[in-house]
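Throughout, read-outs are computed from the coordinates displayed, never taken from laboratory work. All of these numbers come straight from a predicted model, not from anything done at the bench. Don't worry about glycine lacking a Cβ; one is built from the backbone with ideal geometry, like all the others, and counts go over all protein chains shown.
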2 protein chains.
Amino acid sequence: MRNRRVMVVKRCDAIPAADSFENVDDDLPLCEELGLVVEVLLVSVDPAMRGWLSSEVNYQTVPTGSVMNSYGIGRVIESDHPEWNIGDYLYGNVGWQKFSAMDVKDVWFRVDPDSIPLEKWMNALGLTGLTAWLGLNLLGSPRAGETIVVGTAAGAVGSVVGQLARARGMRPVGITGTPKKCELASREFGYEKMINYRASGDLSLAIADACPDGIDLFFDTVGGAIADIVFEQLKVAGRVIQCGTASVSTWVPPPIGPRRERLMLVKRLRWSGFVVTDHADRFVEAQAELAALIRDGSLITREHVLEGLEQAPSSIQMLYEGLNQGRLLIRP
Amino acid sequence: MRNRRVMVVKRCDAIPAADSFENVDDDLPLCEELGLVVEVLLVSVDPAMRGWLSSEVNYQTVPTGSVMNSYGIGRVIESDHPEWNIGDYLYGNVGWQKFSAMDVKDVWFRVDPDSIPLEKWMNALGLTGLTAWLGLNLLGSPRAGETIVVGTAAGAVGSVVGQLARARGMRPVGITGTPKKCELASREFGYEKMINYRASGDLSLAIADACPDGIDLFFDTVGGAIADIVFEQLKVAGRVIQCGTASVSTWVPPPIGPRRERLMLVKRLRWSGFVVTDHADRFVEAQAELAALIRDGSLITREHVLEGLEQAPSSIQMLYEGLNQGRLLIRP
């Protein structure tokens, strides 16, 4: 049996295309290397991967010549570690490959495949669902009756934010780029109003119409021109959670936009950057609530699984083109 | 005896000049009007006044045909209010005038002229000193050993921020625009390093040199291009307090600058807008510490008093031209 790995061969300051990667067959990893060997069952395709491949400053980066970084679920097939037995399931930094040698420090949490399906552990209970729960609760100060705007309402994070906000009595207003996603987010993801930014005409008017009392909380996964419009409509004491910048294709050099200093001051806004892995100490608490919501049917998520690592190199483009129907995963 | 009042006669989207105002002689106000009449002893000249006269959205505005808004100290000469006696001193929205009819809701706090001189009540114990103390402590999460950068280190707010930060064991680094102010801020206001942005050459290098470990906290009173450079050098988990935008002369339309979304995210920054009057419930606590520091000589402030209201119309320009030596006040 051989390993298959997707290697990074070229950095990229725009959206990474297939030529940034190369599929390589390799020997199986050895347990002596890092203490654990897992068979990789699912990996993800994330908007954040663009940042990992860029040459810019980032909170995470993947060097050329390494296997592509990815969170995923693995089943332990060899272990030198007393806490991990053969057959255990884990979620961690497994990479885009069939088998992975792992250090326990790269394991984020234990997965119970019997309580909740593995795809849900990669989505609502994984880093995207955790981003929604922890961003909203730790930085958002959500209050019943408030209006929350989410920039990618049908995305992996936004779809969970809408449902959690709705469950807390907020009015979620979502933005997305196709009528189909608008319809999906309204029907399944808790959004009271949806705006298709590609077909709304004057987006500022469309947002004002959907948020007649102004905006209390902006869960910003997009940045750029759409975020500028939302900022203008934030209320005094409004909050912004910056958890992605998906609408801006390159930050080298940083693009220009209207300065926000005056709005920050006049409206006493609070704008916070959020990276979920800073908050690992809160994962279990968040997962307990998320799992309960999944089990009672009040948290719906969708997953789109690509079969085979050969689909990995073009998958980031697929994500940015909006061709996926739900959280994009790969089964190696 | 007649009143003298400085009326707003023209709105202004840049720095207000003398022609925005008109000195008018008028009858003395009547106690029946609002319940209190005070003789105005000191008023202030604040950077924020530019915003009050602009046609843009702001947290406070002064309509044309009204007396110019200003905080100041008044001595009660008539009172219909049981809590205020003739001879009491107060700090509140007295306006640029010799006598002011006041509603008790426009009184911010009681002044004790015997404990601390009136000029200090207009400075360290007034809204500027309170801005320094409350901004730093409520939004800044100051920690010993951290580096704090202040955009107008020799100004009314910045001079207090430097000393408070130093007293908390932080490393204050200040920016200002003249060698004289650099020298003053180093000698009197607690700054460990001072940068003259007009003479520093490459400001980015000068800041990096003064902050070799990066910047933890930015007390931003300026905004604009200087703030862009500071943002680039903020550390992960850095905080920004936006308490002014003095470097930008007009916000109609908002000027453009490099987008900050990516820095907010990658460095998990927290950027908060701060307006001191939101925090009146904390004034007494802040003043107690500020007064103790003044009395024991560890908090030094400077005041620059203009004699006579005829100097008021040109005083905002004087402030923005940096011609004042300390907090700019007017004795009507």
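For region B:241-332, GluC sites (Glu not before Pro) are listed when DSSP marks them as loop and at most 13 other Cβ atoms sit within 10 Å of their Cβ; the list is B:E321. Summary for B:D112: label point 7 Å along Cα→Cβ; distances to the equivalent points in the other copies, ascending, 6.1 nm.
Based on Cα contacts under 8 Å between residues 6+ apart, chain B shows a relative contact order of 19 percent. Per-residue 3J(HN,Hα) values for region B:150-158, derived from phi via the Karplus relation 6.51 cos²θ - 1.76 cosθ + 1.60 with θ = phi - 60°, read 10, x, 10, 5, 9, x, 4, 7, x Hz in sequence order (x marks Gly and Pro). Label points for B:D13 are taken 7 Å from Cα along Cα→Cβ. From this copy to the others they lie 3.5 nm apart, shortest first. Checking the a/c ratio against 1.5 first, then a/b against b/c, what shape does the Cα gyration tensor give for region A:229-280? Here region A:229-280 falls in the oblate category.
Taking Lys and Arg as +1 and Asp and Glu as -1, the other residues whose beta-carbon sits under 14 Å from that of B:R327 total 0.
Label separation (A:K10 vs A:V252): 1.4 nm, computed from points 7 Å beyond Cα along the C-beta direction.
DSSP beta bridges fully contained in chain A are about 55 percent antiparallel. With both residues required to sit in the protein assembly as shown, DSSP beta bridges show an antiparallel share near 55%.
The overall shape of region B:119-223 is oblate: from the C-alpha gyration tensor, with semi-axes ordered a ≥ b ≥ c, the ratio a/c is 1.5 or greater and a/b is no larger than b/c. With a ≥ b ≥ c taken as the square roots of the eigenvalues of the C-alpha gyration tensor of region A:1-148, please select rounded if a/c is under 1.5 and otherwise prolate if a/b is larger than b/c or oblate if it is not? In terms of gyration-tensor shape, oblate.
Mean silhouette area of chain B, derived from the convex hull of its C-alpha atoms and averaged over all directions, reads 16.4 nm².
Taking amide H positions as modeled 1.01 Å from N, with prolines and chain starts lacking one, the residues under 5 Å from A:V240 and 5 or more places away or on another chain are A:F218, A:R270, A:W271, A:S272.
Quote the FRET efficiency, to the nearest 0.05, computed for B:E310 versus B:V236 with a Förster distance R0 of 56 Å and r equal to the Cβ-Cβ distance. My answer for the efficiency is 0.60.
The DSSP beta bridges internal to region A:178-302 are antiparallel in roughly 0% of cases. Helices in the protein assembly as shown, meaning DSSP H runs of at least 4 residues, each add -39500 (n - 2.57). Divided by all residues, the mean residue ellipticity at 222 nm is -6500 deg cm²/dmol. Net charge dipole, the protein assembly as shown: roughly 580 debye, given to the nearest 20, about the Cα centre with Cβ charges of +1 for Lys and Arg and -1 for Asp and Glu.
Between B:D209, B:D220, B:D103, the Gaussian network model of chain B with springs among Cα atoms under 10 angstrom shows the greatest mean-square fluctuation at B:D209. Over all alpha-carbon pairs in the protein assembly as shown, figure out the percentage whose distance exceeds 37 Å. That fraction is 46 percent. Seen from B:V284, the other residues with C-beta closer than 14 Å to its C-beta sum to a net charge of -2, counting Lys and Arg as +1 and Asp and Glu as -1. Remark on A:G257: its backbone amide H falls under 5 Å from those of B:G257, B:R259, a criterion applied only to residues 5 or more positions apart or on other chains, H modelled at 1.01 Å from N. In order along region B:314-329, phi translates into HN-Hα couplings of 9, 6, 5, 4, 4, 4, 6, 8, x, 8, 7, 10, x, 4, 8, 10 Hz, rounded to whole numbers, per the Karplus curve 6.51 cos²θ - 1.76 cosθ + 1.60 with θ = phi - 60° and x for Gly and Pro. Comparing A:K193, A:K105, A:K235 in a Gaussian network model of chain A, where Cα atoms under 10 Å apart are tied by springs, the biggest mean-square fluctuation is seen for A:K105.
Ranked from shortest, the separations from the 7 Å Cα-to-Cβ label point of B:P253 to its equivalents in the other copies are 2.1 nm.
About its Cα centre, region B:88-182 has a charge dipole of approximately 480 debye under the convention of +1 per Lys or Arg Cβ and -1 per Asp or Glu Cβ, with nothing else charged. What's the FRET efficiency of B:V24 with B:T64 using the Cβ-Cβ distance as r and R₀ = 22 Å, to the nearest 0.05? So, using R0 = 22 Å, E works out to roughly 0.95. Using only Cα atoms, locate the centre of region A:94-135 and the centre of region B:33-72, then give the distance between them in Å, rounded to an integer. The two parts, judged by their Cα centres, are 57 Å apart. Rounded to the nearest 0.05, the FRET efficiency derived from the C-beta distance between A:Q317 and A:E183 at R0 = 22 Å is 0.35. Peptide B:246-258 has a mean of 4 when you count, residue by residue, the C-beta atoms of other protein chains within 10 Å of its C-beta.
When the Gaussian network model of chain A links Cα atoms closer than 10 Å, the mean-square fluctuations of A:I229, A:I215, A:I256 top out at A:I256.
Applied to region A:293-304, the Karplus parametrisation 6.51 cos²θ - 1.76 cosθ + 1.60 on θ = phi - 60° returns per-residue 3J(HN,Hα) values of 5, 5, 5, 8, x, 8, 10, 9, 9, 10, 10, 10 Hz, with x for Gly and Pro.
Among residues other than B:Y191 with Cβ under 11 Å from its Cβ, the summed charge is +2 (Lys and Arg +1, Asp and Glu -1).
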